[in-house]
Amino acid sequence: SSEEISTMLNVILKSDAVLTEGMISLEPKSSTVFFPLHMQQELLNPKDPHEKRDKTKIPPSGLKSSDRKIPHIPQETWDKTKILLSGLKMTVVFQKGGAFVQTESVVQYANKEHFEIFQSKQRHRDGTRVPLLDTRRGINIAGVGIDNAHQPITDPSKRAMIEEAIGKLLISVEYVSKKPGKEGRRLYKKKACQKDKEEGSQGNGRRIIWSASDPAQFSFLHNEQKETVFSFFEKEHGITLKYPHMPIFHLPKISRFGGAWFPIELGFQAFAKSKGNNEEMVNNILKYHDVHAGKRYIDEVGAKLEHLSITGGDGARFEDRLKKWRITIESGAVEETAKILKAPRIKFKNNVARANNGSFNLNGVTFSRPAKLTSFVVVNFTNNKNSCYKFVKTVMKISRSHGIDIPSTTMDISRNDRYLDLVTVHYNGGDAVGDALEAVRDAIQKAKRFYFYDSRHVYRDKHIFFQTYCYSEQQDQFACIVLPPINEGGPLGLLLDYRSYSSGRQYFSHLIETRDGKHRARLMVKIKCTNTLIDPLDFRFHDVDGEDPPTGRHQACRPDGTWEDVSFVGFRYLCPEANNLEVIEGDIQSKQFLHRAEDWEIDFPSIVFAYKPDDGKALYNNVKVMSNYFGGIQSQCAVRTKFERQGNKDQYASNIASKINAKLSTIGDKAVSWTSECGEGRGGEDKLPWVGELPTMVVGVGMVHGMGYSSKSVV
């Protein structure tokens, strides 16, 4: 049975407890454990398999714990940049032979840099390490594939992926200077790519620049000559870069003069603990658990269970040893008297719900505290586009009818097949389970072009911007709008909500230059019939429900939180430091963003809709795992066969809308679909709180009820 298998697997982990010496937990109750650097290097070092080893060392995953030594690592595995390690989370062993062990299996990846691990004749077979710009098997930068290393990278989504990947690595730089008088090896080890903070530098505030040879992107004065990184290495070190159009990156504190910029082709991945898991790592982790659930291990556990049931280290039976701790194992059922509680009343915002045959009719109700859904993406794993789009349209329409706050532009996407095409990936491969994470990633990157870059001018035509939340490096949350690039290929900008913060930095959105000089400014909205400018975060385009086709109008938010209709005139740039100067677009000679989107973590999308062909658990599980790899993004699965057979699809969509409302609940809005009460208690109404409002333990209980008034219920 599954229970027996679970017990056996627990004993497997317990049998490995002696091997946990040297493992480090990041916090007292952390489920993340990693191996110290020296141990990682020792594990990965391919020494003679017959050499005697310390038996307390932990073997890589897939090896029997009884081996207690590290065998030779085959050469064919050397060119993998990651290696899988496994271990345990926690071990507690009581005295006097009591075998009480609490453990959790942990799988961890360690990066490896071949130069440091495989020395001399044991180096990588092609004589290199793991370069950031890797052209050995295809072309990729830090694992992100590119088409051509001889042409600049201009795709904004590709740039974002590369910068994210490089940000997760430690980098070593090595090159040999050939210039007379400067000959010799240069090595800068294990540095994190960080922003250039040098005042006056063309790269100030950036950590990646997308060309080593373009002076318009980055240049500097050296010996009174204007140089690019490409020309500098050629003149100063006699090194002609092979890929001058590839990016450069900034490493801090490499000398007493500060940091420096290096071409991507001179960088190598440094040996360190991995900061993230990609799809390949996830698959290897799953394979690891499959191996440990194999029959061979179950047979070994069976022998251990038999040993525990016969005698222990002190000659006593396992049950006898438990009795020393006043622990007994009951073989029969325990009878208890239960009390039937009064059924709670479920209250929505506008009425009380009535249960009918165990279910609630949600037709026409408004959720008690609705959530906000600013954006969505869709992954269609079925072969029926029309069914998928009908599901999305129905769920979005019903969600808004229940009060969920959905901006008009997001609703427009759900009504228009052409717009849905821009935020949807239709999977047509042969392994949906294995490709689920990649499909979700592709859908998110595809949708960013629509939401962030306004590729169809949907936001621009309505004089609004995509609004969401963002987080600083200190995890401060800001409401924000995403500003499309000023120039094609340029960075995204952010306009932040400044009102909850005392610092003035958040107020300004742009640095503008006019004929009067440079000014820090905030983008504002000019409307008719008033001289007061409206903050873009308090300005929206609101469609009118019930009209077909939908129409809408601009609205501004009043101080009390209600909205009033207004007429849009244009955008203005307000400069408080210049006597509240208002600047129109035509008077601006140049402008730049003061808050780049690349410096912030942007909350996007609100939710991922996954439309599945059937009720299979494997695809469902992989879609849910997705949240762990894309910043905690929520997901909502639906099954095509279930949706299509619904007689009342609106009721089906209402049930899904209730789940969406719970998933999108935040600390700020505390969204709930309903509230409840179950009559008078000691403090008045004895309300039932939602899980998360109070410390809560959820217990699942299965019950079998007998027939008749005096019968017993078995739990």
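The values are calculated or read from the model by the stated rules, or taken from the named source; none is laboratory data. Being a predicted model, the structure only gives us computed values, none of them experimental. For neighbour counting, all protein chains shown are included, and Cβ atoms are generated from backbone atoms with ideal geometry for every residue, glycine included. The area values use the complete protein model at the heavy-atom level, side chains included, leaving out ligands, DNA and RNA. Shrake-Rupley method; radii C 1.70, N 1.55, O 1.52, S 1.80 Å.
So for each of 492-498, 528-534, 574-580 I average, over its residues, the number of other beta carbons within 10 Å; can you give me the resulting order with the highest mean first? If you can, show how the numbers build up before the last one.
Working: 492-498: 22.4, 528-534: 11.6, 574-580: 13.7.
Most protected by this proxy first, the peptides run 492-498, 574-580, 528-534.
List the pairs from Lys349/Lys659; Lys397/Lys670; Lys168/Lys195; Lys390/Lys612; Lys448/Lys526; Lys385/Lys617 whose alpha-carbon separation is above 24 Å, in the order I gave them. Where the Cα-Cα span goes over 24 Å, the pairs concerned are Lys448/Lys526. A 1.4 Å probe run over the protein chains yields, for the stretch 406-503, 45 Å² of accessible area per residue, whole-number rounding. Annotation for Lys178 and Asn148: the two label points, set 7 Å from Cα along the Cα-Cβ direction, are 2.6 nm apart. Annotation for His542 and Lys189: the two label points, set 7 Å from Cα along the Cα-Cβ direction, are 6.3 nm apart.
When only the Cβ of Lys, Arg, Asp and Glu is charged (+1, +1, -1, -1), the dipole of the stretch 410-542 relative to its Cα centre reaches about 700 debye. Considering only beta bridges that DSSP places wholly inside the stretch 550-655, some 50 percent are antiparallel. With the simple model of a label 7 Å out from the Cα in the direction of the Cβ, Glu199 to Gln651 spans 6.9 nm.
Rounded to a whole number of µm²/s, how large is the Stokes-Einstein D of the stretch 493-606 at 4 °C and 1.567 mPa s, given Rh as the Kirkwood radius over C-alpha pairs? Working shown, then result.
Numbers: Rh = 15.9 Å.
The diffusion coefficient I find is 81 µm²/s.
Placing a label point 7 Å from the Cα of Asp615 along the Cα-to-Cβ direction, the residues of the stretch 379-416 whose backbone N falls under 20 Å of that point are 381-383, 388, 391. Positive end of the charge dipole of the stretch 159-211 (Lys, Arg +1 and Asp, Glu -1 on Cβ, about the Cα centre): tell me which of Pro180, Trp210, Ala192 has its Cα farthest that way. With unit charges placed on the Cβ atoms, the residue in question is Pro180.
Length gained on full extension, His222 to Ser359: 41.8 nm, using 0.36 nm per residue less the C-alpha separation. Lys649 contributes an accessible area of around 50 Å² to the protein surface, as traced by a 1.4 Å probe with all chains present. Within the accessible area of the stretch 369-477, the carbon and sulfur atoms contribute 44%, probe 1.4 Å, all protein chains present.
Kindly list the residues of the stretch 448-486 that lie in the label zone of Glu585, defined by a backbone N under 19 Å from the point 7 Å along the Cα-to-C-beta vector. The answer is 451-467, 481-486, whose backbone nitrogens lie closer than 19 Å to the label point. Using R0 = 60 Å, the C-beta based FRET efficiency linking Phe257 and Arg326 works out to 0.30. Taking every Cα-Cα distance in the stretch 362-450 and sorting them into 10 Å bins from zero, the calculated P(r) comes out as 16, 43, 30, 10, 0 percent. Loop-resident GluC sites (Glu not before Pro) (DSSP state other than H, G, I, E or B) in the stretch 173-211 with no more than 11 further Cβ atoms inside 10 Å of their Cβ: Glu183, Glu199. For the stretch 592-672, the dipole from Cβ point charges (+1 on Lys and Arg, -1 on Asp and Glu) about the Cα centre works out to 440 debye, to the nearest 20.
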